[in-house]
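See below for the structure under consideration.
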Amino acid sequence: MIFCIGNGKSREAIDLHFLKKKGIIYGSNALYRDFSPDILVTSDPKMMEEIIESEYSKENKVYTTGYGYSQGPRLKGHNVSLIPFEKIYPVNSGFISVRLAYHFYPEDQIYMIGFDLFGDRKNIYDDSRNYPVSVSTSSVYHSQEDERVAQFSLLKTHFCLGIRLTRVIDDDTKVENIDNITTKQFLEEITWQ
């Protein structure tokens, strides 16, 4: 099983260490601060700089875009690779982590956890380095909602063909072409696999 971990607050209900026993974990951006996924993905140059400074990438695998790879000589001794796609748009680390998981493991199941795409911004790392100051509502974040949802609906139709993509979320928001299950359903489903 493949688990792609976003940084939305909906993921707080899931024990990531339990998931590590069940499959391969792809994470993005600041997840490394609290948990070491099998693969960390970042597309943000400032986040890449933070990861290098922390020396996380010396012992752990990190993938980044050309934007993040611009660190050049500073990458010596770090386990950082370029994302192997010709087209990397959109430059969204969560989206890219799902594409990367499919690229290396074109299995029949990818679970997307912590992908809170709708409504107010709900990122675990808001108010910390390389993240925005949280606000109860952000007109910019809301105006980009349609773009985020459209990006993720493309996963099933263009980038991850022939597999089951499942978003774990406890609300009734849906992304076209992607199955939704609750945290309870998810835990029951993976316990039996």
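Note on the chain: dipole from Cβ charges, positive end direction compared against ILE14, ALA101, CYS4; the farthest Cα belongs to ALA101.
Given a cut-off of 32 Å, name the pairs among LYS76/LYS156; LYS58/LYS184; LYS21/LYS174; LYS20/LYS174; LYS22/LYS58; LYS46/LYS184 whose C-alpha atoms lie farther apart than that in the structure shown. Long pairs (Cα-Cα over 32 Å): LYS76/LYS156; LYS58/LYS184; LYS46/LYS184. Probing with 1.4 Å while keeping every protein chain in the model, the per residue accessible area of the chain equals 49 Å².
When peptides 26-37, 4-15 are ranked by their average number of other Cβ atoms within 10 Å per residue, the highest-first order is 26-37, 4-15. Sequence-ordered 3J(HN,Hα) estimates for region 3-10 from the Karplus curve with 6.51, -1.76 and 1.60 and θ = phi - 60° stand at 10, 9, 9, x, 10, x, 5, 5 Hz, glycine and proline given as x.
With the simple spin-label model, which puts each label point 7 Å out from Cα in the Cβ direction, the TYR105 to ALA150 separation comes to 3.1 nm.
Each helix, a run of at least 4 DSSP H residues, gives -39500 (n - 2.57); summed and divided by the residues of the chain, these come to -7500 deg cm²/dmol at 222 nm. Length, then width, then depth: along the principal axes, the Cα atoms of the chain run 45, 39, 31 Å.
Under the convention that each Lys and Arg Cβ holds +1 and each Asp and Glu Cβ holds -1, the size of the dipole of the chain around its Cα centre is about 500 debye. The accessible surface of the chain, taken with every protein chain in place and a 1.4 Å probe, is 50 percent carbon and sulfur. If you look at the Cα atoms of region 1-72, you get an Rg and a Dmax of 12.3, 38 Å. Under a 5 Å amide H cut-off, with hydrogens placed 1.01 Å from N, ARG167 pairs with MET112, ASP179, ASN180, ILE181 among residues at least 5 apart or on other chains. Relative contact order of region 10-54, taken over Cα pairs closer than 8 Å and 6 or more residues apart, is 28 percent.
Within the listed set HIS158, HIS17, HIS78, the Gaussian network model of the chain (springs between alpha-carbon atoms below 10 Å) gives the highest mean-square fluctuation for HIS158. Counting charges near GLN185 (Lys, Arg +1; Asp, Glu -1) among other residues having Cβ under 14 Å from its Cβ returns a value of -3.
When only C-alpha pairs under 8 Å and at least 6 residues apart count, what is the relative contact order of the chain, in percent? Each step should come with its number before you reach the end.
Details: 324 pairs, mean separation 42.3, N = 193.
Relative contact order of the chain: 22 percent.
Length gained on full extension, ARG164 to VAL91, computed as 0.36 nm times the residue gap minus the Cα-Cα distance: 24.0 nm.
The values are calculated or read from the model by the stated rules, or taken from the named source; none is laboratory data. Bear in mind the structure is a predicted one, so any value in this text is a computation, not a measurement. Quick reminder, even Gly has a Cβ in these numbers, built from the backbone with ideal geometry, and neighbours come from all protein chains shown. Heavy atoms of the whole protein, side chains included, go into the accessibility calculation; ligands, DNA and RNA do not. Shrake-Rupley method; radii C 1.70, N 1.55, O 1.52, S 1.80 Å.
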